[in-house]
Structure formats: structure tokens, C-alpha cells
């Protein structure tokens, strides 16, 4: 039986470095955070699907995106909860919940309990961790 935490997409670090820009690699593979208010997708208002910037897994629909004012793209909920994995993160002296892509185990951002939706969650995701597929 396959371990449930084993990602479907597995690559060597050399393969990830070849595929991703240095900035994407730092965020997606080393769990860095991009500077606030600098992300290319922060102000995107197009209709479509936000995907994992590493493997293309579908993560968030545009109708779940909102302007939280935090400096990173924010979503009320993932499109499919099965495509994200939540982990406890005690780095930097804080207790947070990290959001990772379940398909490739890439770092996406963090989820907080101060969102406007019915679940009350704010998925605060790095722009560099996302791709976007525009839909008509």
C-alpha cells in the first residue's frame, strides 16, 4: 500500500532546479516566502484556475480569490481539498499551518483562520508558487 504522504510527482532536486526559476525553487522547494505586494498574480482578476507552479495540479478557482490586503494572493478555500496538504509549521517562532501541494509536496504558503468565507479560512499563497489557467 502506498504511503499517503508520498507525492505523485517525484523529481530530484536537480530536476526541480532545471524546471523552476531560482525564485520559484526557493519558494516551492525551500519553503521561502516572496516579498509582499510583489507577486505577479496578486492583482489578477481573470476567471480561471490557479494551479501549482511546480506540477500543474489544480488548487484554487478564481471565484475563491479575494483581496485580503496581506500582500499575497488569498483564497477562501481550495477547489479540491484533496489537492492540498496541511502541516503544522513552528518555524520563525510562530505556530502556523503550512499549505503544500499534495501532488508534488511543494510549499505554497499558509492558511489562517481569519478569512471571510463560511469556513473562516484565508489561504495566503505565494504568487511564485502558482500558475494560472485563464478560462473564458
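Rounded to the nearest 0.05, the FRET efficiency derived from the C-beta distance between residue 37 and residue 95 at R0 = 25 Å is 0.50. Taking 0.36 nm per residue of sequence separation and removing the Cα-Cα distance, the residue 18/residue 46 pair yields an extension gain of 7.2 nm. Label-to-label distance for residue 30 and residue 10 is 2.4 nm, based on points extended 7 Å past Cα in the beta-carbon direction. Within a 10 angstrom radius of the beta carbon, how do 41, 86, 59 rank from fewest other beta carbons to most? The order, fewest Cβ neighbours first, is 86, 41, 59. Over the chain, Cα pairs under 8 Å with separation of 6+ residues give a relative contact order of 29 percent.
Fewest neighbouring Cβ atoms within 10 Å first, the residues 37, 60, 112 line up as 37, 112, 60. Neighbour counting of Cβ atoms within 10 Å sorts the residues 12, 127, fewest neighbours leading, into 12, 127. For the options 88, 34, 23, a Gaussian network treatment of the chain with springs between C-alpha atoms closer than 10 Å singles out 88 as fluctuating the most.
Anyone know which of 55, 70, 104 comes out most mobile in the 10 Å Cα GNM of the chain? Of the options given, 70 has the highest mean-square fluctuation. Spin-label pair residue 70-residue 113: with each label point 7 Å from Cα along the Cα-Cβ axis, the two points sit 1.4 nm from one another. Let me know the shape class of segment 13-134, please: from the alpha-carbon gyration tensor, a ≥ b ≥ c as square roots of the eigenvalues, rounded when a/c is under 1.5, otherwise prolate if a/b is greater than b/c, or oblate. Cα axes put segment 13-134 in the rounded bin.
A short reminder: the numbers here are calculations on the coordinates, not readings from a lab. Computed from a predicted model, the values in this text were never measured in an experiment. All Cβ positions, glycine included, derive from the backbone under ideal geometry; neighbour counts span all protein chains shown.
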